[in-house]
Every structure is written in structure tokens, then in C-alpha cells.
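Everything on this sheet refers to the single structure shown next.
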Amino acid sequence: MNKTKYLHLNSRDEFLRMDIRKIVYFEADGNYTNIVLANKLKGVVCMNLSHMQQVLSERLKEQASIFARVGKKYIINHKYVYQINVLRQKLVLSDGENFDFQLDISKEALKNLKEIYVTSLNQNIETKINEE
């Protein structure tokens, strides 16, 4: 059964409850992390991005694999990757109809992300060929 998994973040003054499938990306802002959801809601928590990455791993366990650290400033949800443009240093995250977010990311980080997708795609193609 596909049970919805929520990320709960609690601070002295605020509580956030988010369906992890609706989180598009996390963005570093000094000692804070901005959280952007698919419905364009935004939240802010008082923790740096490295700490947020650790929280995701600890609380979500294997489901944390839907997120990937990209460069120094972002953690993205793989599900929403629409375009990786290395030359223009742009990553576009979109659901294909309701929103698109364009993030400025270093060439090196985008090259690494692109390589992950290309390698994964090639492995899936090889697996299907070998199954036939």
C-alpha cells in the first residue's frame, strides 16, 4: 500500500507538516533553509542545509533517496527535474503543468546531476535489453 509520508519540522514558534512528494526543493539561506512545495507554498526553518540533509536521512530513511543535494545551495526532489542546462547553469524543476522553478546552479554540480540521470537511463535501457 502506498502510504503518504510526511516530514514534520518543529521549532519553538512553528510546526510544519509536509507531504514529502510535494516538496520540490530546499534552498540554503545562511543558517536557514527555505522549503518550496509544488503548490508554491514556502516555509522557512532555522537550520542550515547540511543539517536539513541529515534530518531528511534520519527521518525518511530509504524514502530520503527522492532528494539529492545539488551544489552548495539546494536539495532537490528528483521527481520534478525537467531540464538540466549545464551551459546556462540552470536547473528547471516542474510538474509539467502547474509550476516551474528555475534555479541557478554551478556547472560542475549540474554536470554531476546530468551524469547521474544519463547513467541511470543507460542502465535501465541495458536491463530491458537483457530481459528481452
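Within the range 70-126, the set of residues being modelled with pLDDT of 95 or more, open to solvent by 80 Å² or more (accessible area, probe 1.4 Å) and aliphatic (A, V, I, L, M) comprises LEU87 only.
Here is a list: VAL44, VAL55, VAL92. Which entry is touching a residue at least 24 places away in the same chain (Cβ under 8 Å) and aliphatic (A, V, I, L, M)?
Details: VAL44 fails: touching a residue at least 24 places away in the same chain (Cβ under 8 Å); VAL92 fails: touching a residue at least 24 places away in the same chain (Cβ under 8 Å).
Among VAL44, VAL55, VAL92, only VAL55 is touching a residue at least 24 places away in the same chain (Cβ under 8 Å) and aliphatic (A, V, I, L, M).
Considering every residue within the range 31-47, establish whether at least one is assigned to a helix (DSSP H, G or I) and buried (at least 18 other Cβ atoms within 10 Å of the Cβ).
At the first step, the residues of the range 31-47 found to be assigned to a helix (DSSP H, G or I) are none.
The answer is no; no qualifying residue exists.
Looking for something in contact with a helix residue (DSSP H, G or I) (Cβ under 9 Å, 6 or more places away or on another chain), closer than 18 Å to TYR6 by Cα and not in a strand (DSSP E or B) - is there at least one such residue anywhere in the range 73-94? The answer is yes; a qualifying residue exists.
The values are calculated or read from the model by the stated rules, or taken from the named source; none is laboratory data. Since the model is a prediction, treat every value here as computed from it, not as a measurement. No Cβ is skipped: glycine too gets one built from the backbone with ideal geometry, and neighbour counts run over all protein chains shown. Accessible surface is based on the protein model in full, side chains and every heavy atom, while ligands, DNA and RNA are left aside. Shrake-Rupley method; radii C 1.70, N 1.55, O 1.52, S 1.80 Å.
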